[in-house]
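Scroll down for the structure; my scribbles are underneath it.
The values are calculated or read from the model by the stated rules, or taken from the named source; none is laboratory data. Computed from a prediction, not measured in an experiment: that's the story for all the values here. Here the Cβ is made from the backbone with ideal geometry for all residues, glycine too, and neighbour counts use every protein chain on show. For the accessible areas, the whole protein counts, side chains as well, though only heavy atoms, and no ligand, DNA or RNA atoms are used. Shrake-Rupley method; radii C 1.70, N 1.55, O 1.52, S 1.80 Å.
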Amino acid sequence: MIGVYDSGVGGLSVWKELVSLMPDEDYVYYSDAAFCPYGPKDPSFIVERACAVTDFFIEKGCKLIVVACNTATAAAITHLRAHYEIPFVGMEPAIKPAILHSRSGVVGVLATAGTFKGKLYLSTLARFSGEVKVVEHVGEGLVETVEKGVLDGPEVEGLVHRCIDPMLEAGADHIVLGCTHYPFLQPVIERLAGPYVTVVNPAPAVARQAMRLLKKEEPSQGKGSTEFCSSAEDISVLLRLSQM
Ligand code: DGL
């Protein structure tokens, strides 16, 4: 079994890529919605939650854990790898491909406050940004609207405008989705950004990395099932978005 975890429904954007690459595996998806959003929270709290969810997955018999959350990866993956034997796959900030492909020399990154403060993001930025200007923006309100299952409409457009307009005004031709909730808003982001902007979602690359890690193990004996679990009571949005 593969454990997939996020602060809420966002990790479904990674789970979908995992299922399409490895449809015979069995999955346990854990939404930590009782504590969502992680973005503004203290890293030590996120580490605490990551350990609790990891213990839950190990109890279930998982062989691999995908931390399908940029904020949790930034705060906790080093700690998790140091304290558990089970392999972990975390989210990679996809700024490298965006920087390499940018023609305008300006790239926008949309993420949570926690992700922007993370060592992984800062070191990737320092290594690859070079001459390219990176315009960062915290996606205020975006996680909350996705958690409600509201993925389009005038209010969502307003939130998206506030986030991406500064990037577009600076001349960005790529927008990196640095939070796993944001791919649910990708159609709105693409519509408002226009045809000359490429929106980059790192989820497919993360799923390929999980597959590479699993290939070293024995073939799947799974049935292609997913069990959905949550720290919150209401999982109706989780189930609805898993069908999308
Ligand atoms: N989906 C998460 C991420 O990738 C967490 C968002 C949040 O809970 O603030 O960063």
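Against the conditions (1) closer than 30 Å to ARG162 by Cβ; (2) open to solvent by less than 70 Å² (accessible area, probe 1.4 Å); (3) among the hydroxyl-bearing types (Ser, Thr, Tyr), TYR196 satisfies every one except (2).
Within the range 51-65, is there a residue that is in contact with a helix residue (DSSP H, G or I) (Cβ under 6 Å, 6 or more places away or on another chain) and either more than 26 Å from LEU241 (Cβ to Cβ) or within 13 Å of the ligand (Cβ to nearest atom) (or both)? The answer is no, given that none of the residues of the range 51-65 is in contact with a helix residue (DSSP H, G or I) (Cβ under 6 Å, 6 or more places away or on another chain) and either more than 26 Å from LEU241 (Cβ to Cβ) or within 13 Å of the ligand (Cβ to nearest atom) (or both). Inspect the range 11-23 for any residue being more than 10 Å from the ligand (Cβ to nearest atom), open to solvent by less than 10 Å² (accessible area, probe 1.4 Å), part of a strand (DSSP E or B) and in contact (Cβ under 8 Å) with a residue 60 or more places away in the chain and give the result as yes or no. For the range 11-23, residues more than 10 Å from the ligand (Cβ to nearest atom), open to solvent by less than 10 Å² (accessible area, probe 1.4 Å), part of a strand (DSSP E or B) and in contact (Cβ under 8 Å) with a residue 60 or more places away in the chain: absent. For the range 119-148, the set of residues classified as under 19 Å from the mean Cα position of the chain (by Cα) and among the charged types (D, E, K, R) consists of LYS119, GLU136, GLU140, GLU144, GLU147, LYS148, listed by residue number.
Checked against (1) in contact (Cβ under 8 Å) with a residue 40 or more places away in the chain; (2) surrounded by fewer than 18 Cβ atoms within 10 Å (Cβ to Cβ); (3) assigned to a loop (DSSP other than H, G, I, E, B), GLU85 meets all criteria but (1).
Does any residue of the range 158-181 turn out to be under 14 Å from THR71 (Cα atoms), of a type in the set (A, V, I, L, M, F, W, C) and either within 14 Å of the chain's Cα centre (by Cα) or within 10 Å of the ligand (Cβ to nearest atom) (or both)? The answer is yes, given that some residue of the range 158-181 is under 14 Å from THR71 (Cα atoms), of a type in the set (A, V, I, L, M, F, W, C) and either within 14 Å of the chain's Cα centre (by Cα) or within 10 Å of the ligand (Cβ to nearest atom) (or both). Looking only at residues of the range 24-49 that are touching a residue at least 60 places away in the same chain (Cβ under 8 Å) and open to solvent by 50 Å² or more (accessible area, probe 1.4 Å), we find that the one that is farthest from the chain's Cα centre (by Cα) is ASP24.
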